[in-house]
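Asker: What follows is a structure written as structure tokens; I'll ask about it next.
The values are calculated or read from the model by the stated rules, or taken from the named source; none is laboratory data. A quick note: this is a predicted structure, and the numbers were derived from the prediction, not measured. Please note: Cβ atoms are built from the backbone with ideal geometry, for glycine as well, and neighbour counts cover all protein chains shown.
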Amino acid sequence: MKVGVIKETTAGERRVAVVPDTVSKLIGAKLEVAVQAGAGSQAFFSDDAYQKAGASVVPDAKRLINDADALLKVQPPTLDEVAALKPGAILISFLQPSSNAEVVKALARQRATAFSLELVPRISRAQSMDALSSQAGVSGYKSVILAANHLGKFFPLLITAAGTVTPARVLVLGAGVAGLQAIATARRLGAVVEAYDVRPAVKDEVKSLGATFVELPLQAQEGQGGYAAQQSEEFLRRQRELIGDHVASSDVVITTAAVPGRRAPILVTGEMVARMRPGSVIVDLAADTGGNVDVTKPGEVINVNGVTVDGSRNLASTLPIHASQLFSRNVSTLLLSMVKDGQAAIDFSDEIIKGCCLTNNGELVHPQAKALLEASKA
Ligand code: NAD
């Protein structure tokens, strides 16, 4: 099997799907690896490092794709990249099927066997393949570093000859993978941290990281597979009312709330931002899916009456070395689960394979993705 790795072409994307260490692992499993020249340069992995690990370095992306039995990517492929795939070739990447109908249909037409990393089931056996989690961890960490950079204050308590500095107060809304990493990072920097999530299951994890779990007298809809369910408009209205004082008294608010396949819920309104002290900071990690804060401008850092609202997108890409290393382990573990003696041996009855296979044999085979695509048409 020939594995292809191309340079990401999405604007601002600095990650690469496979790092040199992983190339050695794939070659050890009797695969051949071809990497496009410069594919790792934005993440500081040189062509030389790929060659030393045993990959061939190919200048032309189209030829590389044409020749690959398995293409590994971070971002969804472009329509041109899909058109260059061999029929039957494996593609593994983030595919965001709910917002990428054209690409999904093109993958089916091209008879690609495409796997969407967002759809990898959240079961323990799949943890090492879960790129959504590894990248969310990177974003959660970086959100706090950004907030600390914007904030005109220290995070830790400082007792100095010039007086005592009280620690920053950080509120994290949504305590999933990114939120928990944000809590841990803010605690390491010495902030006093509070967090809230609609899933009560996270309460103990929040506490074990040294943060306080904000209890709201609300009954949330339970979700499935470890994810939150979409809450009613009435629930979200009450939630905003009850969380308002916590937002107003925080120096930093990090929002990470998401519901798979849906627009991010609005947790913070413009009126709530107006109650925050000038100099406070919001980092809205949900900016990619519309934002948890209704004044967020995705991709921009804005100032709303002295409050910095950071809607930076794709934070994982701003830590390209570690984000690529983690992604590369995820994607190669998933690929190697479909390989025997250097050849494709895909067990479509396997829960993980079945869970994330989007197109096969010219068909869109994933029932949820089918439904989402129908919903996006409507
Ligand atoms: P996510 O990115 O979909 O959502 C982030 C968080 O937002 C979630 O914790 C969710 O409950 C929360 N949220 C949604 N609506 C909200 C609202 N109105 N108010 C406040 N919070 C809201 O989820 P994620 O972080 O990718 O994963 C969620 C959980 O899944 C993890 O914490 C973990 O428990 C579980 N998980 C399990 C595995 C595994 O077993 N392999 C892997 C990854 C995650």
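Asker: (1) in contact with a Lys or Arg (Cβ under 9 Å, 6 or more places away or on another chain); (2) hydrophobic (A, V, I, L, M, F, W, C); (3) under 24 Å from Arg122 (Cβ atoms); (4) assigned to a strand (DSSP E or B): which one isn't true of Ala220, the others all being true?
Answerer: (4)
Asker: Moving to a separate point now. Would you point out which residue out of Ala112, Ala191, Ala184 is modelled with pLDDT of 95 or more, surrounded by 15 or more Cβ atoms within 10 Å (Cβ to Cβ), within 24 Å of Gln325 (Cβ to Cβ) and more than 15 Å from the chain's Cα centre (by Cα)?
Answerer: Of Ala112, Ala191, Ala184, the one residue that is modelled with pLDDT of 95 or more, surrounded by 15 or more Cβ atoms within 10 Å (Cβ to Cβ), within 24 Å of Gln325 (Cβ to Cβ) and more than 15 Å from the chain's Cα centre (by Cα) is Ala184.
Asker: Restricting to region 290-316, count the residues that are assigned to a loop (DSSP other than H, G, I, E, B), within 15 Å of Val253 (Cα to Cα) and touching a helix residue (DSSP H, G or I) at 6+ places or on another chain (Cβ under 8 Å).
Answerer: Adding up the residues that qualify gives 6.
Asker: Here's a follow-up. Looking at Arg238, Arg187, which one is out of contact with any helix residue (DSSP H, G or I) (no Cβ under 9 Å at 6 or more places or on another chain), of a type in the set (Lys, Arg) and within 12 Å of the ligand (Cβ to nearest atom)?
Answerer: Arg238
Asker: Another one. State whether one or more residues within region 2-15 are touching a strand residue (DSSP E or B) at 6+ places or on another chain (Cβ under 7 Å), within 26 Å of Met338 (Cα to Cα) and surrounded by fewer than 15 Cβ atoms within 10 Å (Cβ to Cβ).
Answerer: The answer is no, given that none of the residues of region 2-15 is touching a strand residue (DSSP E or B) at 6+ places or on another chain (Cβ under 7 Å), within 26 Å of Met338 (Cα to Cα) and surrounded by fewer than 15 Cβ atoms within 10 Å (Cβ to Cβ).
Asker: For Glu374, are the conditions met, namely being in contact with a helix residue (DSSP H, G or I) (Cβ under 9 Å, 6 or more places away or on another chain), exposed (fewer than 15 other Cβ atoms within 10 Å of the Cβ) and over 20 Å from Leu171 (Cα atoms)?
Answerer: No, not satisfied.
Asker: Considering only region 280-290, how many residues are within 9 Å of Ala258 (Cα to Cα) and either surrounded by fewer than 24 Cβ atoms within 10 Å (Cβ to Cβ) or charged (D, E, K, R) (or both)?
Answerer: Of the residues in that region, 1 qualify.
Asker: OK, next. For residues that are assigned to a helix (DSSP H, G or I), under 19 Å from Val301 (Cα atoms) and more than 13 Å from the ligand (Cβ to nearest atom), tally how many sit in region 241-286.
Answerer: Total satisfying the criteria: 5.
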